[in-house]
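Read through the structure below, which is laid out as structure tokens, and then see the notes.
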Amino acid sequence: MTSDISEIPDARRRTLVWLLPVLWTLGFGLWGLSRQGSVWRDEAATWQVAARPAGEIWEMLGNVDAVHGLYYLLMHGLFEVFGAGTTTLRLPSVLAVAAAAACVALIGRRLAGFWAGLGGGLALALLPAVQFHLQEGRPYALVTAGAGLSTLLLVSLLADAGAEGPPGGGPERPRGRRWPRWTAYGLTVLACALLNWLSLLVLPAHAATLWWVRAGRGVVGRWAVASAGAVAGALPLVLFSRSQSDQVSWIPPLTWHMMIGPGILLAVGGLGAVLDRPRAGRLSAAAVGLPLLAVPQLGLAGISLARPLFLDRYVLFGMVGLALLVGAGLGAGVRAAAPRFPRGSAVLVPGVVGVGMLALLPVALADRAPASRIDDVLAVAGEVARLKQPGDAVLFVPAARRDTALVSPGAFAGLADIALERGPGASATLKGEEAEPDRIRAALLGQRRVLLVTDAARVAKPWRAARDAAKAAVLRERFTVVADRQVRGRRVTVYERR
């Protein structure tokens, strides 16, 4: 591929700039998609909820996980059509990151030229944070795709409104044709908010871009209307989900060491912005990418000072900004090298991406191994299937470890869940409702053999709940351990009555 982009037909150029990143991301995402047949606890929540009838999911959302309601219903539909499995669970994230890569490429081409678009689109899937969520059965990759699309729409609207940009931008369109795109912008932001309402932090990032390029009052007004509509649509979910805030009570308070990673990302992004040579009032990759990277990170950090919420996956969509800045830096490198090395500059972007792939290969291999996650609900289910005998009972400590039975019910067939009073479906909860400690104690005393499913020693936390203390006391006083298996973060122990 020549560095003189003018030699490539324009139609082919427009196609290649997004198609190559899409194919690259799809190949990268499909590689090792099953993660050696493992599923960890967060993905198990998606799996077991998506497998329920839609009515039960809707009822559950009134008690827990309302913030992920749209995602669960989407996955329910996919499970109904394609069946439950690791491919159905994770393929939406692969497709979403591929779509986000296409958006980065199109934005980069419009703002900084072909090589910037191609480099940014190829770089997105290589970013370590994106690699982790590329094959994750959770909604964060879908939010990233939505952020990429909303940013692409904003850039096209700003360019059409007359903001300055480099060669490659499209011709200005009549004003009447902008409202459909503003409507699409607002609906995209709303959809992302319904998947995870912290994605609304994309709006102050876009506001910073509008300020940077000195957008006119008409553009700012239309953006404000579209944004207000998205916020208004998401507001009921935001207010209702606050009643379920205990779900995130485990997130630790913000500390300085938690900001080291974001600080490094901001430094890398800042370097890309410098190479892009940004100027105030000019629509550039820096004007779009730097706010998209920095504002959500800093905004979430500010929120976390009042309520601990700082998890990098909540602002994963900011990686769209980092990829755009990386692409801008690569594009600047090609432009600088072309006069002296016209042939060599053509391989700069593929070469840098290839070197990056080799440098980050240990990260890619680690993310595709079961050990990359804290546990594996399928592995311990296999141990239960091997160890159980007719007439055995089963206990879960804490009760959330019942997820392994919900994801792999066949492995637990024939086992009596003696602590469970109402199942997850009947109780409209994630883990079901367990009986009072006295009833659990009485049920345990009537058993000959009990299988206890819990966390492996390296990740286990003290058993503080009254029900769990009752289980532990009876097992310690009346039973003897006859088998103990620890596998991939989970543990199954077999007890026999003395």
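The values are calculated or read from the model by the stated rules, or taken from the named source; none is laboratory data. These numbers were taken from a predicted model, which means no experiment stands behind them. Reconstructed Cβ throughout: ideal geometry from the backbone, glycine too, with neighbour counts over all protein chains shown. For the accessible areas, the whole protein counts, side chains as well, though only heavy atoms, and no ligand, DNA or RNA atoms are used. Shrake-Rupley method; radii C 1.70, N 1.55, O 1.52, S 1.80 Å.
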Distance from segment 386-423 to segment 306-322 (C-alpha centre basis), Å
36 Å
note: segment 1-153, Cα-Cα separations exceeding 21 Å make up a percent value of 50 percent
Work the Kirkwood hydrodynamic radius out for segment 371-483: mean of 1/r over every pair of different alpha-carbon atoms, inverted, in Å.
14.5 Å
Average accessible area per residue (Å²) across the chain - probe 1.4 Å, nucleic acids and ligands excluded
43 Å²
Please list, ordered by chain and number, the residues whose modelled amide H lies under 5 Å from the amide H of residue 417; skip anything fewer than 5 residues away on the same chain.
394
Sites residue 80 and residue 59 - FRET efficiency at Förster radius 25 Å, r taken between beta-carbons, to 0.05:
0.90
Cβ-Cβ cut-off under 13 Å around residue 86, Lys and Arg +1, Asp and Glu -1: the net charge is +1
Please find the FRET efficiency linking residue 239 to residue 301, where r is the Cβ-Cβ separation and R0 is fixed at 22 Å, and quote it to the nearest 0.05.
0.45
Not counting ligands, DNA or RNA, and with a 1.4 Å probe, what is residue 133's accessible surface area in Å² rounded to the nearest 10?
20 Å²
Can you tell me the relative contact order of the chain? Whole percent, Cα pairs under 8 Å, sequence separation 6 or more.
18 percent
Under 5 Å between amide hydrogens, which residues at least 5 positions from residue 429 or on another chain qualify, with H placed 1.01 Å from N in the peptide plane?
none
Convert each backbone phi in segment 107-121 into a coupling constant with the Karplus relation 6.51 cos²θ - 1.76 cosθ + 1.60 (shift: θ = phi - 60°), then list the ³J(HN,Hα) values in order as whole Hz, x for Gly and Pro.
5, x, 4, 5, 9, 9, x, 4, 5, 5, x, 5, x, x, x
For segment 409-425, 3J(HN,Hα) per residue [Karplus equation, 6.51 cos²θ - 1.76 cosθ + 1.60, θ = phi - 60°, Hz, x = Gly/Pro]:
x, x, 5, 9, 4, x, 8, 8, 7, 6, 8, 7, 9, 9, x, x, x
Any idea what angle helix 217-241 forms with the longest principal axis of the chain, computed on alpha-carbon atoms, 0 to 90 degrees, nearest 10?
0 degrees
Just from the alpha-carbon atoms, what are the Rg and Dmax of segment 451-498 in angstroms?
11.0, 30
Looking at [x] 48, 24, 19; [y] 37, 25, 20; [z] 75, 40, 29, which value of semi-axes √(5λ) of the Cα gyration tensor in Å comes from a calculation on the structure shown?
[x]
I'd like the carbon and sulfur percentage of the solvent accessible area for segment 1-151, probe radius 1.4 Å, heavy atoms only, ligands and nucleic acids excluded.
65 percent
